[in-house]
Amino acid sequence: MSSLSPTARTTVTRGRNRLVTERAALHALLADALVAHLGFVAGDHPVVLPTAFGVDLDGPDEGGSLYLHGSVAAGWLRSVRGATVCVSFTELDGLVTARSGFHHSMNYRSAVVIGAVREVTDPDERARALDLVVDQMVPGRSATLRPPTRKELAATVVLAVPLAEASMKARAGGPVDEEADVAAGVWGGHVPVRRVLGAPVSAEDSHDEVPPDVRSLAATRGSVGFGA
């Protein structure tokens, strides 16, 4: 599965010039992202929740597996078990400052994944999924930690959403202005936006020897941007 093949639910109908069709671009966005937004219907109203996530491109679901997790006591779990959900990702890469308010925009990469939720019950898959959620934040971190306890596993629900049904859009570069506005001499351009991580801060009850996996964050996640 090398290209994005949207269904009617993920077909882009506006701004098709920003449509991204290569699945590799979706994978790159997922590698950069730190937060997903999970959308679902809870009773009589819609809900969108920010959440941590993990990705296994070789997972058992079609197109790969997107993993989410939560507390068994969370009320929202009742609404998503077995339901079709929408998971979105957005990375802001720039502010486009045009010569008119109408043409102001943003440079971004944004994806939407729609799929039926599968609760992960296999112990090995659950363990791998939880490791992937940790490693999405700090690559390689899970290998340095103790295994979760039986109590921690019992308190956690792991969910999977297939990555097969997805669409993606992206914008890069400067403004697209009217000729008359350009001729008027007003400044136009764009301001790149990048995520920059600060130096690690040791906890009050920790020693100050920051481990390599945390120190390397500056190289792997310290400056993320696109099309600047």
Identify, from the list 124, 131, 135, the residue that is surrounded by fewer than 18 Cβ atoms within 10 Å (Cβ to Cβ), under 23 Å from residue 58 (Cα atoms) and in contact with a Ser or Thr (Cβ under 6 Å, 6 or more places away or on another chain). 135
Residues located in the stretch 112-129, provided they are of a type in the set (A, V, I, L, M, F, W, C), closer than 14 Å to residue 159 by Cβ and in contact with an Asp or Glu (Cβ under 9 Å, 6 or more places away or on another chain): 113, 129
Under 18 Å from the mean Cα position of the chain (by Cα) and of a type outside the set (Ser, Thr, Tyr): which single residue out of 147, 139 fits that description? 139
Under the condition of being open to solvent by 40 Å² or more (accessible area, probe 1.4 Å) and among the β-branched types (Val, Ile, Thr), which residue from the stretch 19-50 is farthest from the chain's Cα centre (by Cα)? 41
List the pairs whose first member sits in the stretch 67-82 and is over 18 Å from residue 162 (Cα atoms) and in a loop (DSSP other than H, G, I, E, B), whose second member is modelled with pLDDT of 90 or more and open to solvent by 40 Å² or more (accessible area, probe 1.4 Å), and whose Cβ atoms are under 6 Å apart, counting only residues at least 6 apart or on separate chains? 72/155
Selection over the stretch 144-185 where residues are under 23 Å from residue 72 (Cβ atoms), free of Cβ contacts under 8 Å to residues at least 60 places away in the same chain and in a loop (DSSP other than H, G, I, E, B) yields a count of 5
Quick one: would you say residue 96 is assigned to a strand (DSSP E or B) and either under 14 Å from residue 193 (Cβ atoms) or open to solvent by 30 Å² or more (accessible area, probe 1.4 Å) (or both)? yes
Restricting attention to the stretch 166-181, the residues that are exposed (fewer than 13 other Cβ atoms within 10 Å of the Cβ) and among the aliphatic types (A, V, I, L, M) number exactly 2
Is it the case that the stretch 3-18 has a residue that's outside any loop (DSSP other than H, G, I, E, B) and either at pLDDT 90 or above or surrounded by 14 or more Cβ atoms within 10 Å (Cβ to Cβ) (or both)? yes
For residues that are on the phi < 0 side of the Ramachandran plot, small (Gly, Ala, Ser) and surrounded by 13 or more Cβ atoms within 10 Å (Cβ to Cβ), tally how many sit in the stretch 138-154. 1
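The values are calculated or read from the model by the stated rules, or taken from the named source; none is laboratory data. Bear in mind the structure is a predicted one, so any value in this text is a computation, not a measurement. So basically every Cβ, Gly included, is an ideal-geometry build from the backbone, and we count neighbours across all protein chains shown. For the accessible areas, the whole protein counts, side chains as well, though only heavy atoms, and no ligand, DNA or RNA atoms are used. Shrake-Rupley method; radii C 1.70, N 1.55, O 1.52, S 1.80 Å.
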